[in-house]
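Novice: Dropping a structure here in structure tokens format, bear with me for questions.
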Amino acid sequence: MHFSSTAFPAGGAIPAKYTCQGTNVSPPLDIGDVPAGTKSLAVIVDDPDAPDPAAPQTTWVHWVIYNLPPTKTLAEGISAHDLAGSLDGQNDWKVTGYRGPCPPIGKHRYFYKLYALDSVLPDLHKPTKAALEKAMKGHILAKAECMGVYKKS
């Protein structure tokens, strides 16, 4: 499976538009080679460099969305409300939806992780990343990720 963004190259700088210094919308994401038998997709975006990449203390979760239909793209600014059956999880701001990079110090890495699942998950009532990962266990057909970096200007 393949996961990338037309907004930034693999390992490249995430444009400010997709961060707290811009419009804070999710970047466009391209999906390829989804395995046969995929019933739904899930996306988790996190930052393992929080709060300081020189001394990381936690992985900060920016987006949890699941039960996405198998598709080839996720449009810029997509939300669970845009795709029938899709559901939001809770990010580390304790809200749903995408919250872009906003590192307090230094250049952070942001991992956009895509999961192909063999089922549509039940409504988990705004799960955290950990709760979604637990629910996906045993249902993951494939995983792909892309990574971008961001440092506040």
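Novice: I'd like to check something: does the range 27-50 contain any residue that is over 30 Å from Pro122 (Cα atoms) and not in a strand (DSSP E or B)?
Specialist: No - not one qualifying residue is present in the range 27-50.
Novice: Separate question: Can you spot a residue in the range 56-67 that is under 22 Å from Thr19 (Cα atoms), in contact with a helix residue (DSSP H, G or I) (Cβ under 8 Å, 6 or more places away or on another chain), among the hydrophobic types (A, V, I, L, M, F, W, C) and in contact (Cβ under 8 Å) with a residue 60 or more places away in the chain?
Specialist: yes
Novice: When you check Asp30 against the structure, is it within 20 Å of Thr73 (Cα to Cα) and surrounded by 13 or more Cβ atoms within 10 Å (Cβ to Cβ), yes or no?
Specialist: yes
Novice: Go through the range 3-17 residue by residue and tally those that are surrounded by 13 or more Cβ atoms within 10 Å (Cβ to Cβ), of a type outside the set (A, V, I, L, M, F, W, C) and outside any helix (DSSP H, G or I).
Specialist: So the answer is 4.
Novice: In the range 87-105, which residues are surrounded by fewer than 21 Cβ atoms within 10 Å (Cβ to Cβ) and under 20 Å from Ser119 (Cβ atoms)?
Specialist: Correct list: Asp88 only.
Novice: All but one of (1) surrounded by 16 or more Cβ atoms within 10 Å (Cβ to Cβ); (2) under 17 Å from Ser40 (Cβ atoms) hold for Asp118, so report the exception by its number.
Specialist: Looking at each condition in turn, Asp118 falls short on (1).
Novice: Only residues in the range 130-153 that are free of Cβ contacts under 8 Å to residues at least 60 places away in the same chain and closer than 13 Å to Lys113 by Cα count as the first member; pair them with residues that are among the acidic types (Asp, Glu) and surrounded by fewer than 16 Cβ atoms within 10 Å (Cβ to Cβ), Cβ under 6 angstrom, at least 6 apart or cross-chain, and list the lot.
Specialist: Close Cβ pairs satisfying both conditions: none exist.
Novice: In the range 55-76, which residues are of a type outside the set (A, V, I, L, M), under 27 Å from Lys107 (Cα atoms), surrounded by fewer than 16 Cβ atoms within 10 Å (Cβ to Cβ) and out of contact with any Asp or Glu (no Cβ under 9 Å at 6 or more places or on another chain)?
Specialist: Within the range 55-76, Gln57 is the sole residue that qualifies.
Novice: Which residue is nearest to Thr128 (Cα to Cα), if the candidates are limited to the range 1-55 and must be charged (D, E, K, R) and out of contact with any helix residue (DSSP H, G or I) (no Cβ under 8 Å at 6 or more places or on another chain)?
Specialist: Asp47
Novice: What number of residues in the range 68-112 are within 16 Å of Ala130 (Cα to Cα) and touching a Gly at 6+ places or on another chain (Cβ under 9 Å)?
Specialist: Total meeting the criteria: 5.
No lab work stands behind these numbers, since they all come straight from the coordinates. Predicted model only: the values in this text are computed from it and were never measured. For neighbour counting, all protein chains shown are included, and Cβ atoms are generated from backbone atoms with ideal geometry for every residue, glycine included.
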